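**Q** Here's a structure for you.
The values are calculated or read from the model by the stated rules, or taken from the named source; none is laboratory data. Note that the structure is a prediction, hence the values are computed from the model and not measured. In this analysis, Cβ positions are derived from the backbone assuming ideal geometry, glycine residues included, and neighbour counts consider all displayed protein chains. We work out accessible area using only protein heavy atoms, side chains counted, and drop any ligands, DNA or RNA first. Shrake-Rupley method; radii C 1.70, N 1.55, O 1.52, S 1.80 Å.
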Amino acid sequence: MKKIVLDAGTTWSKIIEKDSNSLKSLFDRYLIKTAERMNYYILPSALIKDYDLKFDAMTGHMSEKFIDTKEKYTNEIIALTRGAADLCEKDCIVLDLGSRDAKWVRFKNGKFSDLDWNSACASSTGATIEMLKKFYNVKELKPNSDKYNITCGIFGFERIMDDIANGEEAAEAIAKFVHGIAYNAWQFCKKPQKVYLSGGFCESDCFCKSLENYCEVKKLGRFVLCSGILEN
């Protein structure tokens, strides 16, 4: 059965296209992989607005701009829970961290047990890193043993600019910010021994290695929420 689902993030959107190739001509350059009769895309959220696209199911902060019926929308926590249920151990914590917010769900005996969602103190962390790397022309971030004790992108931006103004290399200052995010994320999800990580930070080696200072990290990738609405 053909189906196209959307996880519309603040900066990047993820799309899974099942049993169809209708989007390939539009978004071929954003095609990440093809597997099991499905195409996986990651593209700028702003780009979707330029097309009159219809989706069978949606989740994510920006999805309200594309909803033509409320029945197509699934809450992000529900999408995360459904998508991660078969990807992790029966007793575990799954953390989803992207450009806008942080959220986690806990499984006990294979069933949903607990959650938390932070869209305030965790806001703009991923977006801030992308902007800073572009502004300072930083191509690669290496893990830094030091960290900023900050709680959001706004405070992190201030600390980074202060240190760079005092002579620190931009890459080192941004890496300290990333380490601070990793530490805060670990505290936010109750200091687990292992974290199953979902979202854009899965692709940040600097973040994942910083988080490994505190717990074991298992990366689930960026399509967990999409998977959670694909068959529901």
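**Q** Look through segment 98-130, keep the residues that are part of a strand (DSSP E or B), of a type in the set (A, V, I, L, M, F, W, C) and open to solvent by 30 Å² or more (accessible area, probe 1.4 Å), and return whichever of them is modelled with the lowest pLDDT.
**A** Taking segment 98-130 and keeping what is part of a strand (DSSP E or B), we get 102-108, 111-118.
Narrowing further to those that are of a type in the set (A, V, I, L, M, F, W, C): 102, 104-105, 107, 112, 115, 117.
When the remaining residues are screened for being open to solvent by 30 Å² or more (accessible area, probe 1.4 Å), the result is 112, 115, 117.
Values: PHE112: 93, LEU115: 95, TRP117: 90.
Among residues in segment 98-130 that are part of a strand (DSSP E or B), of a type in the set (A, V, I, L, M, F, W, C) and open to solvent by 30 Å² or more (accessible area, probe 1.4 Å), the one modelled with the lowest pLDDT is TRP117.
**Q** Those residues that are more than 11 Å from ASP7 (Cβ to Cβ), surrounded by 18 or more Cβ atoms within 10 Å (Cβ to Cβ) and either in contact (Cβ under 8 Å) with a residue 24 or more places away in the chain or aromatic (Phe, Trp, Tyr) (or both), I need them from segment 216-229; list them, please.
**A** Passing the criteria: only LEU220.
**Q** Name the residue, out of LEU87, LEU47, that is farther than 18 Å from LEU225 by Cβ and among the aliphatic types (A, V, I, L, M).
**A** Details: LEU87 fails: farther than 18 Å from LEU225 by Cβ.
Criteria check complete, one pass: LEU47.
**Q** In segment 135-155, which residue that is closer than 21 Å to GLU203 by Cβ and of a type in the set (S, T, N, Q) is least open to solvent (accessible area, probe 1.4 Å)?
**A** So, considering only residues that are closer than 21 Å to GLU203 by Cβ and of a type in the set (S, T, N, Q), the one least open to solvent (accessible area, probe 1.4 Å) is ASN144.
**Q** To continue, here is another question. How many residues does segment 9-32 hold that are closer than 19 Å to GLU231 by Cβ and within 18 Å of the chain's Cα centre (by Cα)?
**A** 3
**Q** From the set of residues in segment 156-213 that are under 14 Å from ILE129 (Cβ atoms) and basic (Lys, Arg), which is most open to solvent (accessible area, probe 1.4 Å)?
**A** For segment 156-213, the residue satisfying everything is ARG159.
**Q** Would you point out the residue of segment 1-27, among those that are closer than 15 Å to PRO44 by Cα, open to solvent by 20 Å² or more (accessible area, probe 1.4 Å) and in contact with a strand residue (DSSP E or B) (Cβ under 9 Å, 6 or more places away or on another chain), that is modelled with the lowest pLDDT? So that I can check it myself, show each step before the final result.
**A** Let us first name the residues in segment 1-27 that are closer than 15 Å to PRO44 by Cα, namely 6-16, 23, 26-27.
Applying the additional criterion that residues be open to solvent by 20 Å² or more (accessible area, probe 1.4 Å) yields 10-12, 14, 26.
Within this subset, residues satisfying the condition of being in contact with a strand residue (DSSP E or B) (Cβ under 9 Å, 6 or more places away or on another chain) are 11-12, 14.
Values: THR11: 85, TRP12: 91, LYS14: 96.
Checked segment 1-27; the qualifying residue modelled with the lowest pLDDT is THR11.
**Q** Pick out, from segment 35-97, the strands (runs of 3 or more DSSP E) lying fully within it that include 2 or more residues that are open to solvent by less than 40 Å² (accessible area, probe 1.4 Å), aromatic (Phe, Trp, Tyr) and modelled with pLDDT of 95 or more. Spell out the reasoning first.
**A** Values: elements: 38-44, 57-59, 92-97.
Answer list for segment 35-97: 38-44.
**Q** Which is touching a Ser or Thr at 6+ places or on another chain (Cβ under 9 Å) and of a type outside the set (S, T, N, Q), of PHE157, PHE135? I'd like the intermediate steps shown before the answer.
**A** Values: PHE135 fails: touching a Ser or Thr at 6+ places or on another chain (Cβ under 9 Å).
Selected residue: PHE157, the only one of PHE157, PHE135 that is touching a Ser or Thr at 6+ places or on another chain (Cβ under 9 Å) and of a type outside the set (S, T, N, Q).
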